[in-house]
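Working notes, structure below.
The values are calculated or read from the model by the stated rules, or taken from the named source; none is laboratory data. Keep in mind that this is a model prediction, so the values were computed, not measured. As a convention, Cβ positions derive from the backbone with ideal geometry for all residues, glycine included, and neighbour counts pool all protein chains shown.
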Amino acid sequence: MAKANADYVGHQGETDVITFSYFDDPESLFPGDVAVELLICIDVALKEGTQREDSSYAEEMTLYILHGFLHSAGYDDLTPEARRGMRRGERRGMEILRKEFDLNKVFNVQA
């Protein structure tokens, strides 16, 4: 993931998720084409999920997917104001997903 982060984003070190959104050029998409791709670092999810008392592997994986989708919807986290908006979106999304799904059943891993 560190290599992908350097190659695609220009940042050094490992990251949790990298989003590729192709919505900027919808004419280039054919029916059935993938419009969003996410690279998710499972190692980061496992590490964060076990180190943080308020999280788990399942919570981290869900958060990374949500974070990537928010990026593809136009959310950003490069400035403090934008980051606050991203965090609000993440909190709202996670609340909804927790009510609808048992996240530990979706991402069933023994960490």
Of all residues in the stretch 35-55, count the ones that are over 21 Å from residue 76 (Cα atoms) and not hydroxyl-bearing (Ser, Thr, Tyr). 10
First in the stretch 19-40 and in contact (Cβ under 8 Å) with a residue 40 or more places away in the chain, second anywhere and acidic (Asp, Glu), Cβ under 9 Å, 6 or more apart: 19/37; 21/37
Any residue that is without any contact (Cβ under 8 Å) to a residue 24 or more places away in the chain, touching a Phe, Trp or Tyr at 6+ places or on another chain (Cβ under 7 Å) and in a loop (DSSP other than H, G, I, E, B) - is there at least one of those in the stretch 1-12? no
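Could you grab me the full set of residues in the stretch 72-97 that are under 24 Å from residue 43 (Cβ atoms) and at pLDDT 95 or above?
In the first step, residues of the stretch 72-97 are kept if they are under 24 Å from residue 43 (Cβ atoms); the result is 72, 77, 83, 86-87, 90, 93-94, 97.
Hits for the stretch 72-97 are 83, 86, 87, 90, 93, 94, 97.
Can you tell me which residues in the stretch 1-47 are among the acidic types (Asp, Glu) and touching a strand residue (DSSP E or B) at 6+ places or on another chain (Cβ under 6 Å)?
Step one: filter the stretch 1-47 for residues among the acidic types (Asp, Glu), giving 7, 14, 16, 24-25, 27, 33, 37, 43.
Within the stretch 1-47, just 37 meets the criteria.
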Quickly run through the stretch 17-45 and pick out the residues that are within 14 Å of the chain's Cα centre (by Cα) and assigned to a helix (DSSP H, G or I). 42, 43, 44, 45
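With respect to residue 74, determine if the residue is under 14 Å from the mean Cα position of the chain (by Cα), free of Cβ contacts under 8 Å to residues at least 24 places away in the same chain and exposed (fewer than 12 other Cβ atoms within 10 Å of the Cβ). Quick ask: steps written out before the conclusion?
Working: under 14 Å from the mean Cα position of the chain (by Cα): yes; free of Cβ contacts under 8 Å to residues at least 24 places away in the same chain: yes; exposed (fewer than 12 other Cβ atoms within 10 Å of the Cβ): yes.
So residue 74 fits the description; yes.
Go through the stretch 5-34 residue by residue and tally those that are loosely packed, with under 14 Cβ neighbours inside 10 Å and of a type in the set (A, V, I, L, M). Working first, answer last.
The first filter runs over the stretch 5-34 and keeps only residues loosely packed, with under 14 Cβ neighbours inside 10 Å, leaving 6-13, 23-34.
When the remaining residues are screened for being of a type in the set (A, V, I, L, M), the result is 6, 9, 29, 34.
Result for the stretch 5-34: 4.
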Scanning for something touching a Cys at 6+ places or on another chain (Cβ under 9 Å) and closer than 14 Å to residue 94 by Cβ, does the stretch 65-79 turn up at least one residue? no
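When you look at residue 52, is it exposed (fewer than 15 other Cβ atoms within 10 Å of the Cβ), of a type in the set (Lys, Arg) and at pLDDT below 95, yes or no?
Against the criterion (exposed (fewer than 15 other Cβ atoms within 10 Å of the Cβ), of a type in the set (Lys, Arg) and at pLDDT below 95), residue 52 qualifies.
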Check on residue 62, modelled with pLDDT of 95 or more, of a type outside the set (Gly, Ala, Ser) and buried (at least 18 other Cβ atoms within 10 Å of the Cβ): yes
